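Single-structure report; data block below.
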Amino acid sequence: MRFSLLYKYCPVCGSSDFKENNVKSKKCGQCGFVYYINASAAVAAFIVNEAGELLVCRRVKDPAKGSWDLTGGFVDENETAEEAIVREVNEELGAKVTEVRFLFSLPNEYEYSGLTIPTLDMFFKCKLESCDNLTASDDVAECFFVPLNDLNIEQFGLKSIRKAISLFRLNFI
């Protein structure tokens, strides 16, 4: 289900007169509230070790459970994208980020619980205090390094991650 179809009733007054206002919003005919459908912010990290291998994670949850992924997740309220990637790396790997550099962003659609949520995925190159003793946790089943030339794009389950891997290999290696 498209995220824009999620709300059938006005979240302010409860009216069923909650209709499409334009391609980006819905408007309540009773109280005038306008709800804009905006992308959720998400982050992902490119972490390359001294051997030139990319850190890859295996997803423990849907969407794309069991597929390869990059470390990352959604940006929390009152958090910058840089703070979010540092937090996510720590939560998912137990690692301390020492350097963060923004690379690029990509629009995406994230399928979750029957909804299609628009996201804006922001990609960072991160350096860790140490690549030793990384511990997969949170929504990561395992993590491992793969030589950049051996990456199989089809093993990555999310469309924006596959595109990001291709862009990274072309422009940042």
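The values are calculated or read from the model by the stated rules, or taken from the named source; none is laboratory data. What you see is a predicted model, and the numbers here were worked out from it, not measured in a lab. Note: ideal-geometry Cβ built from the backbone for every residue, glycine included; neighbour counts use all protein chains shown.
In table form, for the structure just shown:
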read-out	value
Per-region count, segment 67-97, residues part of a loop (DSSP other than H, G, I, E, B), within 12 Å of the chain's Cα centre (by Cα) and among the polar types (S, T, N, Q)	0
Number of positions in segment 66-84 that are in contact (Cβ under 8 Å) with a residue 40 or more places away in the chain, over 16 Å from residue 117 (Cβ atoms) and either in contact with a His (Cβ under 9 Å, 6 or more places away or on another chain) or not hydrophobic (A, V, I, L, M, F, W, C) (or both)	5
Residue 21, sole failed condition from (1) in the same structural domain as residue 142 (by TED's automatic domain parsing); (2) at pLDDT below 95; (3) not hydroxyl-bearing (Ser, Thr, Tyr)	(1)
Residue ranges of strands (runs of 3 or more DSSP E) in segment 1-66 with at least 3 members surrounded by 14 or more Cβ atoms within 10 Å (Cβ to Cβ) and touching a Phe, Trp or Tyr at 6+ places or on another chain (Cβ under 8 Å)	25-28, 40-47, 53-59
Residue identified as closer than 16 Å to residue 45 by Cα and surrounded by fewer than 17 Cβ atoms within 10 Å (Cβ to Cβ) among 138, 150, 132, 121	138
